[in-house]
1. Can you name every residue in segment 134-179 that is among the small types (G, A, S), assigned to a helix (DSSP H, G or I) and open to solvent by 40 Å² or more (accessible area, probe 1.4 Å)?
2. For segment 6-24, which positions are closer than 16 Å to T44 by Cβ and not polar (S, T, N, Q)?
3. In segment 104-133, which residues are surrounded by 12 or more Cβ atoms within 10 Å (Cβ to Cβ) and outside any helix (DSSP H, G or I)?
4. State the number of residues belonging to segment 183-197 that are assigned to a helix (DSSP H, G or I) and closer than 22 Å to L25 by Cα.
5. Condition test on L89, is it crowded, with 16+ Cβ neighbours inside 10 Å, closer than 26 Å to Q144 by Cβ, touching a Cys at 6+ places or on another chain (Cβ under 9 Å) and among the hydrophobic types (A, V, I, L, M, F, W, C)?
6. Among the residues that make up segment 37-51, is at least one of them in a strand (DSSP E or B), of a type outside the set (F, W, Y) and either more than 16 Å from S207 (Cα to Cα) or at pLDDT 95 or above (or both)?
7. In segment 64-83, how many are open to solvent by 30 Å² or more (accessible area, probe 1.4 Å) and modelled with pLDDT of 80 or more?
8. (1) open to solvent by less than 60 Å² (accessible area, probe 1.4 Å); (2) of a type in the set (A, V, I, L, M, F, W, C); (3) farther than 30 Å from T240 by Cα; (4) under 17 Å from the mean Cα position of the chain (by Cα): which one isn't true of L53, the others all being true?
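The values are calculated or read from the model by the stated rules, or taken from the named source; none is laboratory data. The shown structure was predicted, so the numbers you read here are calculated from the model rather than taken from an experiment. Quick reminder, even Gly has a Cβ in these numbers, built from the backbone with ideal geometry, and neighbours come from all protein chains shown. Accessible surface areas use protein heavy atoms only, side chains included; no ligands, DNA or RNA. Shrake-Rupley method; radii C 1.70, N 1.55, O 1.52, S 1.80 Å.
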Amino acid sequence: MHKVIEIQNCTAAYGESIVLKEVSLAVEEGEFLVIIGPSGCGKTTLLKMINGLVEPVSGKVLVKGKRLEKDSLAVLRRRIGYAVQGAKLFPHMTVEDNICYVPCLEKKLSAEEKKSLTGRMLGLVRLSEELAGRFPGQLSGGQQQRVGIARAMASSPDILLMDEPFGAVDEITRKCLQEELLALQKKTNVTIVFITHDIREALLLGSRIAVMKDGAVLQEGTARELLDAPADAFVRQLLTGQDSRKER
């Protein structure tokens with residue numbers, strides 16, 4: 001095992017507003033890291049920093065041992081899958097064209113190659129190949145989310161970044177998607193960084209969990225480690241719903 005993502009003492013800001021404060025975090029190959037915390041704590045900014053969408057004011061970000069550089073970001077992003085809440089599919093493209101979009105940036109694919117790739121990716125997220133010719137507006141919310149994950153995986157990325165990808169679907173579909181993502185990660189060994197504000201989801205999915213608040217990482221560890229020894233009252237309340245003040 002080795003580190004594929006390293007965030008070293010990074011501070012990030014939007015104008016005069018500091019969003020991340022000297023954050024350090026590392027992700028190992030094949031790990032499923034879940035980042036959890038309240039809205040506005042900096043989770044999404046942290047994810048965007050890994051993808052080069054946000055540049056830190058200070059500190060550095062390393063992906064596979066290399067510092068993110070502007071002239072290499074386009075190539076890097078093609079090797080990193082990105083899935084967000086609501087899928088954000090291209091509405092004017094078919095499912096097949098959505099899934100094949102990034103691979104087609106790498107090289108021109110024949111019709112047969114696109115069909116084969118689409119079929120494999122749809123199978124990976126348990127969708128029928130019959131959906132390949134449909135447009136996003138013809139799919140259910142759960143189907144769109146699955147296609148979004150299939151698109152993110154189509155370029156065989158080593159890293160998959162996910163920003164509350166299941167937040168816009170119903171509870172039953174969400175549980176199915178969670179199970180499928182765990183199976184997918186086990187099958188492909190892709191390194192996943194997953195953002196959520198749902199503690200049940202974090203405890204279910206994460207091989208390791210990082211708890212954030214006010215632009216800082218308060219604690220990180222396995223679910224068992226965090227539950228057994230929460231760093232402070234905030235972490236304890238977040239993980240268990242119990243407020244230590246009520247026990248005094």
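1. Our first condition is that a residue be among the small types (G, A, S); within segment 134-179, this holds for 137, 140-142, 148, 150, 152, 154-156, 167-168.
Pick out the ones that are also assigned to a helix (DSSP H, G or I) and you get 137, 141-142, 148, 150, 152.
Those that are among the small types (G, A, S), assigned to a helix (DSSP H, G or I) and open to solvent by 40 Å² or more (accessible area, probe 1.4 Å): G137, G141.
2. Once the filter is applied, which keeps residues that are closer than 16 Å to T44 by Cβ and not polar (S, T, N, Q), segment 6-24 yields I7, C10, A12, A13, Y14, I18, V19, L20, K21, V23.
3. Of segment 104-133, the ones surrounded by 12 or more Cβ atoms within 10 Å (Cβ to Cβ) are 104-105, 109, 113-127, 129, 131-133.
Passing the criteria: L109, V125, R126, L127.
4. 1
5. Spelling it out, it is not the case that L89 is crowded, with 16+ Cβ neighbours inside 10 Å, closer than 26 Å to Q144 by Cβ, touching a Cys at 6+ places or on another chain (Cβ under 9 Å) and among the hydrophobic types (A, V, I, L, M, F, W, C).
6. Looking through segment 37-51, none of the residues is in a strand (DSSP E or B), of a type outside the set (F, W, Y) and either more than 16 Å from S207 (Cα to Cα) or at pLDDT 95 or above (or both).
7. Within segment 64-83, residues that are open to solvent by 30 Å² or more (accessible area, probe 1.4 Å) and modelled with pLDDT of 80 or more number 5.
8. Only one criterion in (1) open to solvent by less than 60 Å² (accessible area, probe 1.4 Å); (2) of a type in the set (A, V, I, L, M, F, W, C); (3) farther than 30 Å from T240 by Cα; (4) under 17 Å from the mean Cα position of the chain (by Cα) is unmet by L53, namely (1).
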